[in-house]
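The values are calculated or read from the model by the stated rules, or taken from the named source; none is laboratory data. Being a predicted model, the structure only gives us computed values, none of them experimental. Neighbour counts run over all protein chains shown; Cβ positions are idealised from the backbone, glycine included. Each accessible area value is taken on the protein alone, full model and side chains, heavy atoms only, with ligands, DNA and RNA left out. Shrake-Rupley method; radii C 1.70, N 1.55, O 1.52, S 1.80 Å.
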Amino acid sequence: MVKSVALRLSKHALRNASVGVVALVWGGAAAAQEYPNRPVSLIVPFAAGGPTDTMGRLMAQQFQAFFKQTVLVENAPGAGGTIGVDKVVRAAPDGQTILLMHIGMATAPALYKRLPFDPNKDLEPIGQVADVPMTLLTRPTLVPATLKELIPYLKANGDKVTIANAGIGAASHLCGLLFMSTIGIDLTTVPYKGTAPAISDLVGGQVDLLCDQSTNTVSQIKAGRVKVIGTTSARRLTQLPNVPTLAEQGLSGFELGVWHGLYAPRGTPKPILDRLNQALLATIKDAGFRARLAEFGVETVSPELATPQGLRTHLAREIEKWSPIIRKAGIYAD
Ligand code: ASP
């Protein structure tokens, strides 16, 4: 008697459980099939017209063609990109809001005493996108033209020289920090909401130096609107064959690639993440997208890195790599 009650109960429980599983699988499949049935917002956590924005807009075009659905870039700048990241952390996990963020995702935990999110836990990684080299620039009217001339100039005038960045946690901030600590000089930093406004001020002579991604700088360099001291890449960029790397000018080990990743809010259903990943893989393989990035000396990552695991592992490693370097530099924001 007792046994049969137990049996009945377990059959009932089993039936309920399998109904649940079927509903979940069916619901997930349906969500993926329908997704996206409304416009998707791609959050770019820096100002419009800058390097992250350029990458975001090129990706949005690709995603739009893949999904046959509108994909809108929304700029949410401030605090070195952390405001925009937080916006996505707090967004509904339904695939309607996604995020493009770069290496700053890995430096923010050490740079911010009170970061409102944990990059390793509060977002769903979708995949890496591309690595972007940086260039160290000066205003066009600054006299030094090479690193060899610039270093003594900075040593003599460091208290008057300014270096722009896109806020604490931006790639431009990290590059400036590394540069200053490598040559042992402290300059006055001037934060902007992105490097689009920063480079305008550099062209206009309101600030003296800026280290920024090639996505934003190759055309300005070619047009002679700014002066370039060197690149942070391991090899010279084919687009700027006469511009030496900083490493070849003696800043050994000064290599910095600004890797970019795509994320969704934590809890976004797996079928939606899978669709987003398919769109990302199609994007990095697209000849037109690759050709546009190549104009800035940028290569897309290999398909294994454009995966949730590829980004998750890289992000965790990069947080471990940068945290001690930043702590040693003693820089942080409240
Ligand atoms: N990504 C740039 C930086 O980190 C800023 C920008 O995109 O405007 O410096």
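Couple of notes before you dig in:
- Residue-span extension gain [A291 to R266] - 0.36 nm each, minus C-alpha spacing: 5.7 nm
- Förster radius 41 Å - calculated FRET efficiency between S200 and K321 (Cβ-Cβ, nearest 0.05): 0.80
- Straight Cα distances below 26 angstrom link K155 to the lysines K227, K328, with same-chain residues fewer than 8 positions distant left out.
- Per residue value of the accessible surface for region 248-334 (all protein chains in place, 1.4 Å probe), Å²: 50 Å²
- For region 56-99 and region 286-334, distance of Cα centres in Å: 17 Å
- Percent carbon-and-sulfur accessible area, the chain, ignoring ligands, DNA and RNA, probe 1.4 Å: 56 percent
- Within straight-line reach of K321, meaning a Cα separation under 27 Å, sit the following lysines at least 8 residues removed in sequence or on another chain: K87, K113, K121, K193.
- Tensor-based shape of region 250-334 (alpha-carbon gyration tensor, a/c under 1.5 rounded, otherwise prolate or oblate): oblate
- The lysines within cross-link reach of K285, meaning a Cα-to-Cα straight distance under 25 Å and a gap of 8 or more places when in the same chain, are K68, K270.
- Here's how it looks for T189: its modeled amide H is under 5 Å from those of I163, which are all 5 or more places away or on a different chain.
- Dipole of the chain, positive end: most advanced residue of F63, P241, L273 [Cβ charges, Cα centre]: L273
- Note on E304/K222: beta-carbon distance plugged into 1/(1 + (r/R0)^6) with R0 of 45 Å gives a FRET efficiency of 0.85.
- Per residue solvent-accessible surface (Å²) - region 37-181, probe of 1.4 Å: 35 Å²
- Dipole size of region 132-219 about its Cα centre, with +1 on Lys/Arg Cβ and -1 on Asp/Glu Cβ: approximately 40 debye, rounded to the nearest 20.
- Euclidean distance of C-alpha centroids, region 184-204 and region 109-153, integer Å: 12 Å
- Using only side-chain charges placed at the Cβ, +1 for Lys and Arg and -1 for Asp and Glu, the dipole size of the chain relative to its Cα centre rounds to 880 debye.
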